[in-house]
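**Q** Let me give you the structure first, and then I'll get to my questions.
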Amino acid sequence: MYFHRQELQHKASPDKPDALFARRLQEVLGGQYGEITVALQYGFQAWNSHIPGKYRDLLFGIGAEEMGHVEMLAVMIAQLLEKAPIQAAEDAAKADPVLGAVMGGMDVQHAIVAGAGARAVDSNGNPWQGSYITASGNMLADFTANANAEMQGRLQVARLYHMTDDHGVRDLLSFLLARDTMHQNQWVRATQELREDGLEVLPVPSNFPISKEDRDVSYEYINFSDGQQAAEGSWAKGPTPDGHGEFSYRAEPQAGVPMPPPTRPDGRFYGTDDKPNIVEKTMGAVKDAVEKK
């Protein structure tokens, strides 16, 4: 059950309208790593959790907060678009070709489609899509994806912070940066605690029998690059994080195996003079069945 309180978690009021920055801000609202994505990602992970307890509660809690961040950004974008001096800007653009080129970065659908409001799109106007969501049912895989989502989102918010001198916008972005800091740390710590609790271990999924793997290459770093310094990393030598082996290093791939003979799609699907193809065989069977009736 959701209950909406008409309050914001943090102030979201710009100093002045700015239609160009409103478009940029759409990225952290409706982009791949925007607030819509993380809010619904954590939600679906929680709804798909089969065991109640601290991990599901964590997902529900952060997911609900992220929905509040969606709201703050939507309100900020609407205010950046409100009373934007379009006519004055257009007059200035006519007098300055460079400014006119910059104004080409405005999202005209903010006005045409959304009536000077936010949209569920990224900064290029691409619609937000559910395929951005990761909800695999494996908590270690999902929490790792969540940490990545927070890292990518924080990168984008930090870059946007330096693209504006509006104190009101910066105030909101500063708050979002702080919450991203918290959430990154939460997800990293949650992955550690999962393993400490023995609920999820490497590799993911941990319930697949390791004996079914080709164990000769399970922990071998095979270098497919002419760079050699990766051999110096802890991923090329020493114990593996899952505790089941030792990393080894191969400087270059061994010789491969021959390619199989080329396929003949024309012969298979379109037939030859002496051999009917799969379509002809199917149609013949259908014809025979109809005639028998």
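The values are calculated or read from the model by the stated rules, or taken from the named source; none is laboratory data. Not measured: the values here are computed from a predicted model. Note that each Cβ is placed from the backbone with ideal geometry, even for glycine, and that neighbours are counted across all protein chains shown.
**Q** If you scan the range 48-63, which residues turn out to be assigned to a helix (DSSP H, G or I) and touching a residue at least 12 places away in the same chain (Cβ under 8 Å)? So that I can check it myself, show each step before the final result.
**A** Let us first name the residues in the range 48-63 that are assigned to a helix (DSSP H, G or I), namely 54-63.
Answer for the range 48-63, where residues must be assigned to a helix (DSSP H, G or I) and touching a residue at least 12 places away in the same chain (Cβ under 8 Å): TYR55, LEU58, LEU59, PHE60, ILE62, GLY63.
**Q** So which residues in the range 132-165 are outside any helix (DSSP H, G or I) and not small (Gly, Ala, Ser)?
**A** ILE133, THR134, ASN138, HIS162, MET163, THR164, ASP165
**Q** When the range 38-88 is examined, which residues are found to be farther than 30 Å from HIS110 by Cβ, among the aliphatic types (A, V, I, L, M) and at pLDDT 95 or above?
**A** Start the filter on the range 38-88 by keeping residues that are farther than 30 Å from HIS110 by Cβ, which leaves 45-61.
Among the residues that remain, those that are also among the aliphatic types (A, V, I, L, M) are: 46, 51, 58-59.
Those that are farther than 30 Å from HIS110 by Cβ, among the aliphatic types (A, V, I, L, M) and at pLDDT 95 or above: ALA46, LEU58, LEU59.
**Q** Specify the residue that is farthest from the chain's Cα centre (by Cα); the eligible residues are those in the range 228-244 that are part of a loop (DSSP other than H, G, I, E, B) and at pLDDT 95 or above.
**A** The qualifying residue farthest from the chain's Cα centre (by Cα) is LYS237.
**Q** A further question on this structure: Determine, yes or no, whether ARG179 is within 27 Å of VAL75 (Cα to Cα), of a type in the set (Lys, Arg) and free of Cβ contacts under 8 Å to residues at least 24 places away in the same chain.
**A** For ARG179, the condition - within 27 Å of VAL75 (Cα to Cα), of a type in the set (Lys, Arg) and free of Cβ contacts under 8 Å to residues at least 24 places away in the same chain - is not met.
**Q** Let me ask something additional. Any idea how many residues of the range 122-131 are outside any loop (DSSP other than H, G, I, E, B) and touching a Lys or Arg at 6+ places or on another chain (Cβ under 9 Å)?
**A** Going through the range 122-131 one residue at a time, the tally reaches 1.
**Q** Here's a follow-up. Please state which one of GLN254, GLN192, GLN184 is in a helix (DSSP H, G or I) and loosely packed, with under 12 Cβ neighbours inside 10 Å.
**A** Criteria check complete, one pass: GLN192.
**Q** Same structure again: Looking at (1) of a type outside the set (Lys, Arg); (2) without any contact (Cβ under 8 Å) to a residue 12 or more places away in the chain; (3) under 27 Å from ILE51 (Cβ atoms), which is the one condition that is false for VAL217?
**A** All conditions are met except number (3).
**Q** Of all residues in the range 106-121, how many are within 25 Å of the chain's Cα centre (by Cα), more than 24 Å from ALA39 (Cα to Cα) and in a loop (DSSP other than H, G, I, E, B)?
**A** 2
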